[in-house]
Amino acid sequence: MADGLTPSQTIGPFYWGSLVSGYRADLAPAGVAGERIELALTLYDADGAVVPDGLIEIWQANSHGRYNHPEDRRNLPLDTGFEGFGRASADTSGTARFATVRPGRVPWPEGGLQAPHINISIFARGVLNRLATRLYFEGDPALATDPVLKLVDPARRSTLLATCDAAGVWCLPIHLGGDRETVFFDC
Amino acid sequence: MAHDLYRRTPPGQHPPNRFDGYKSTASRSPTRPAVVLPQTLSEITGPLRRDERLGAQENDLTRQRMGEPLGERIVVHGRVVDEAGRPVPNALVEIWQCNAAGRYHHPGDQHDAPLDPNFYGGGRARADDNGAYRFVTIKPGAYPWGNHKNAWRPAHIHFSLFGPAFATRLITQMYFPNDPLLAYDPIYNSVPERARHRLQAAFDMDGTQPEWALAYEFDIVLRGRNATPMENGHG
Ligand SMILES: [Fe+2]
């Protein structure tokens, strides 16, 4: 049976139970270092309609730029209670919300540092393969030299930039298709 | 030259994003090619969920409520491995499914079939050091889904796996062998023909427990690592 990868399938509309009990919209308990931020990620389909049944996961470094994972062997602090993983369902307005800390910078394999970013996985009914994208913070001075953004058509880079609204929430619309289609990554 | 830790997936393994037989993919599939990203620390790390403590009954979906659910009790077990057949130790495996009548315990499921107060349909298991996992559950029913006239999903169990990295994340569905509905299901058939059978569990007579439950075996293969330059040097 194991003659190749297990193929991907849609999450479907009725994910439940284990996934839901594993929700973690608040990633950073009290005491975790860093600037507290809130995120609002809103899913839209190719016609601009909200996607109310999607599931969004985030994965990020802590405020020191350290991933809580054995592959990150750098001598930087880990924060107790901060794994860097979040999972939340979109609500009826297509929005999944997270509370976390602003991530630090992580290295680029060929030298230098990447701009602060949050890695995003999107699952939904009608989405047969996990869609991977990133959230960057508008106005961050590190954006100008970010090596990943340099790989992206300049006209589409803004699809990866979250903007801070009047209430201080970082908002990122994610378009699964259409004129404003978000940049997705093959990693 | 950047060296990717995880193997790039060749074509023919996964479904396309858009599959015409599965209607809701039309408005939910990107049309521009994904930007190929060298694997950085962001992609080769990922949630291992090691701090997630599992309750004793989480991998037994027949014992999570007051009584036993109706339906055919089954054991679903297998191994989580990578492309080279190496185990993915301690992998967190999450599953969810409908009940024996084909109804999900979910407010959005309006299928005219009974809910079972003794079945919620969600479970988690932690694979052991050899990547082996095991669930006890009941065989899910088929259900209609309105994609086209007289559309029925074959019996299936949804699986979610993280693997060792962001790059290895996978959500999939396990099907049962010899299900006549497989031939008609656009979600199953969205997978390239050569790869489809990997979504079918194997009936496992050896694992079947006398007087108690049939067993099905479902191995899950996640992306594996590229050979390191040193391994190459040694052939
Ligand atoms: Fe389903």
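Annotation: of all residues in region A:15-30 being at pLDDT 80 or above and assigned to a loop (DSSP other than H, G, I, E, B), the one that is farthest from B:PHE119 (Cα to Cα) is A:ALA30. In this entry, B:ASN147 passes the filter for residues that are within 15 Å of the ligand (Cβ to nearest atom) and in contact with a helix residue (DSSP H, G or I) (Cβ under 9 Å, 6 or more places away or on another chain).
Can you confirm whether A:LEU78 is farther than 29 Å from B:ASN59 by Cα and either surrounded by fewer than 18 Cβ atoms within 10 Å (Cβ to Cβ) or within 16 Å of the ligand (Cβ to nearest atom) (or both)? So A:LEU78 passes the test.
Restricting attention to region B:93-137 and to residues that are among the polar types (S, T, N, Q) and either surrounded by 22 or more Cβ atoms within 10 Å (Cβ to Cβ) or at pLDDT 95 or above (or both), the residue that is farthest from the ligand (Cβ to nearest atom) turns out to be B:ASN130.
Per-residue answers, yes or no, for (1) without any contact (Cβ under 8 Å) to a residue 60 or more places away in the chain; (2) assigned to a loop (DSSP other than H, G, I, E, B):
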{"position": "B:GLU58", "(1), (2)": "no, yes"}
{"position": "B:ARG63", "(1), (2)": "no, yes"}
{"position": "B:MET66", "(1), (2)": "yes, yes"}
{"position": "B:HIS77", "(1), (2)": "no, no"}
{"position": "B:HIS106", "(1), (2)": "yes, yes"}
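Mind checking whether some residue in region B:171-191 is within 14 Å of the ligand (Cβ to nearest atom), in a helix (DSSP H, G or I) and under 15 Å from the mean Cα position of the chain (by Cα)? Looking through region B:171-191, at least one residue is within 14 Å of the ligand (Cβ to nearest atom), in a helix (DSSP H, G or I) and under 15 Å from the mean Cα position of the chain (by Cα). Across region B:108-139, the number of residues qualifying as in contact (Cβ under 8 Å) with a residue 40 or more places away in the chain and touching a strand residue (DSSP E or B) at 6+ places or on another chain (Cβ under 8 Å) comes to 19.
Of all the residues in region A:85-116, those that are at the interface with another protein chain (Cβ under 7 Å from one of its Cβ atoms) and either closer than 23 Å to A:GLY139 by Cα or not acidic (Asp, Glu) (or both) number 6.
Conditions (1) closer than 22 Å to A:GLU57 by Cα; (2) touching a Gly at 6+ places or on another chain (Cβ under 9 Å); (3) among the hydroxyl-bearing types (Ser, Thr, Tyr), marked per residue:
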{"position": "B:ALA34", "(1), (2), (3)": "yes, no, no"}
{"position": "B:GLN39", "(1), (2), (3)": "yes, no, no"}
{"position": "B:ARG49", "(1), (2), (3)": "yes, yes, no"}
{"position": "B:ALA56", "(1), (2), (3)": "no, no, no"}
{"position": "B:ARG65", "(1), (2), (3)": "no, no, no"}
{"position": "B:GLY71", "(1), (2), (3)": "no, yes, no"}
{"position": "B:VAL75", "(1), (2), (3)": "no, yes, no"}
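With respect to being modelled with pLDDT of 95 or more, under 25 Å from A:ASP45 (Cα atoms) and at the interface with chain B (Cβ under 9 Å from one of its Cβ atoms), A:ASP153 fits the description.
Tallying residues that are among the aromatic types (Phe, Trp, Tyr) and farther than 19 Å from B:TRP152 by Cα within region B:184-200 yields 0. Screening region A:78-187 for strands (runs of 3 or more DSSP E) wholly inside it with 2 or more residues that are of a type in the set (Ser, Thr, Tyr) and in contact (Cβ under 8 Å) with a residue 40 or more places away in the chain returns the ranges A:95-101.
The values are calculated or read from the model by the stated rules, or taken from the named source; none is laboratory data. Note that the coordinates shown come from a computational prediction; the quantities given were computed from them, not determined experimentally. Here Cβ is always computed from backbone atoms with ideal geometry, including for glycine, and neighbour counts include all displayed protein chains.
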